[in-house]
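Here is the structure we will look at.
The values are calculated or read from the model by the stated rules, or taken from the named source; none is laboratory data. What you are looking at is a predicted structure, and each value in this text was computed from that prediction instead of being measured. Here the Cβ positions follow ideal geometry from the backbone for every residue, glycine too, while neighbour counts run over all protein chains shown.
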Amino acid sequence: MRLPKPMPPPANLAGSLLLAHPSLRDPNFRRTVVLMSVHSAEGAMGVVLNRPLSKRLGEVNGSYAYGPLSSVPVFSGGPVQLDQLILVAWQRHADGFRLHFGVEFDHAKELIFDETTSVRAYVGYSGWEAGQLEGELSNNAWVVSPMMPDLLDQPPTVNLWRQVLGGISPEWKLLVGEPDDPSFN
């Protein structure tokens, strides 16, 4: 079967999704959905949306155990700076959403009470040096997709990757259903 050719990416990927190509075997990014927050000539960064750590902020950092952020879910954001905790919030609007990346804890405490806002904590992030992501895109390691407003309401598992990539076309849907071991086919 011939692999579908990804669409050419936009010049600036901030606010877009990077979907790991089914052939991408790097354990840091295998079957991931990365929400891009920055993309410039100096490099790019984002967070992995579908790697929950099955912990809450209050469990990870005791100073938040009894505050309003204690129940914020924690995710693995990527392999860079695993000692850094990043808060991300998005506010839903009728025409889309607004992303707040790197939210200060005091501001997150305010946002947590807004019913149109979701907050997540990420340990580390996904980052690329200048030109690195462009090289990976030219090697078809990633498929670029626009962000869907309801995506962050979906369960953050590997099925999120299958759902988003498989929704692009029938060819991608077929590819995301392939087993890791072809002998199970």
Of everything in region 49-79, what is of a type in the set (Lys, Arg) and without any contact (Cβ under 8 Å) to a residue 60 or more places away in the chain? Give them in sequence order. 55, 56
Give region 45-80 a look and list any residue that's surrounded by fewer than 15 Cβ atoms within 10 Å (Cβ to Cβ), among the aliphatic types (A, V, I, L, M) and in a loop (DSSP other than H, G, I, E, B), or say none. 65
Within region 18-43, can you find the residues that are part of a strand (DSSP E or B), surrounded by fewer than 23 Cβ atoms within 10 Å (Cβ to Cβ) and under 16 Å from the mean Cα position of the chain (by Cα)? 20, 37, 38, 39
Can you tell me which residue among 97, 101 is touching a residue at least 24 places away in the same chain (Cβ under 8 Å), more than 24 Å from residue 169 (Cα to Cα), in contact with a helix residue (DSSP H, G or I) (Cβ under 8 Å, 6 or more places away or on another chain) and surrounded by fewer than 21 Cβ atoms within 10 Å (Cβ to Cβ)? 97
Residue among 112, 86 that is touching a Leu at 6+ places or on another chain (Cβ under 8 Å) and of a type in the set (A, V, I, L, M): 112
Please specify each residue of region 149-185 satisfying the condition of being modelled with pLDDT under 90, closer than 16 Å to residue 34 by Cβ and not in a helix (DSSP H, G or I). 154, 156, 157
